[in-house]
Every structure is written in C-alpha cells, then in structure tokens.
Amino acid sequence: MSLPLLGEVEVVIEASRPVSIHGDAYHDLQVRTDGGDSTVVRVPAHVLAAAPDAGTRIRLSLLMGQVQSVAAVGGGG
C-alpha cells in the first residue's frame with residue numbers, strides 16, 4: 001500500500017513501536033486501509049495525543065508523504 005503524497009487517509013493501526021532517532025521521539029505505525037495492504041509510517045510523537053493502540057482507527061494528514069497530523073476516528077486515538 002502506498003499513502004498519498006498530499007491529503008488525508010483513514011487507517012487502522014495494526015501495531016505501534018516507539019522509536020528514537022538522535023533524541024527525537026517517533027512511533028512507527030503499521031497501518032492498513034479498509035481492504036488494503038499494510039504499510040509502516042513514521043509519525044512524530046508530538047502529533048499523537050497518546051501512544052496509539054492496535055485496532056485504533058485514525059486519520060492521517062499527509063504533506064509530501066510525511067505525516068503532519070493524526071486525528072482519532074470514531075472515538076479511538
């Protein structure tokens with residue numbers, strides 16, 4: 001699955017792993033769109049309200065393929 005370069009996409013988190021790169025905090029999220037293949041996206045920790053749980057549905061806002069924001073969909077997040 002490839003994510004759009006620009007826009008929004010709803011996904012379900014399959015797995016989450018915290019990552020630190022040169023002291024900056026991120027989460028690698030394995031996500032899947034409805035009926036799609038899974039992929040991994042790296043999300044800056046500061047855009048997440050809390051550490052994401054598997055099974056949570058979120059909306060990713062992307063700019064040039066990079067996650068700019070994350071919003072809960074349907075009460076998750």
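Of the residues ALA71, ALA54, ALA25, only one is out of contact with any helix residue (DSSP H, G or I) (no Cβ under 6 Å at 6 or more places or on another chain) and without any contact (Cβ under 8 Å) to a residue 40 or more places away in the chain; which?
Values: ALA54 fails: without any contact (Cβ under 8 Å) to a residue 40 or more places away in the chain; ALA25 fails: out of contact with any helix residue (DSSP H, G or I) (no Cβ under 6 Å at 6 or more places or on another chain).
Exactly one residue qualifies, and that residue is ALA71.
Condition first: within 10 Å of the chain's Cα centre (by Cα) and among the polar types (S, T, N, Q). Now tell me which residues in the stretch 7-38 satisfy that. Across the stretch 7-38, the qualifying residues are SER16, GLN30. Condition first: surrounded by fewer than 10 Cβ atoms within 10 Å (Cβ to Cβ) and over 17 Å from ALA72 (Cα atoms). Now tell me which residues in the stretch 7-52 satisfy that. If the condition is that a residue be surrounded by fewer than 10 Cβ atoms within 10 Å (Cβ to Cβ) and over 17 Å from ALA72 (Cα atoms), then SER20, ILE21, HIS22, GLY23, GLY35, ASP37 are the ones that fit.
Quick note: the coordinates plus some simple rules give every number you see, no bench work behind them. If you're wondering where the values come from, they're calculated on a predicted model, not measured in any experiment. Backbone-built Cβ (ideal geometry, glycine too); neighbour counts: all protein chains shown.
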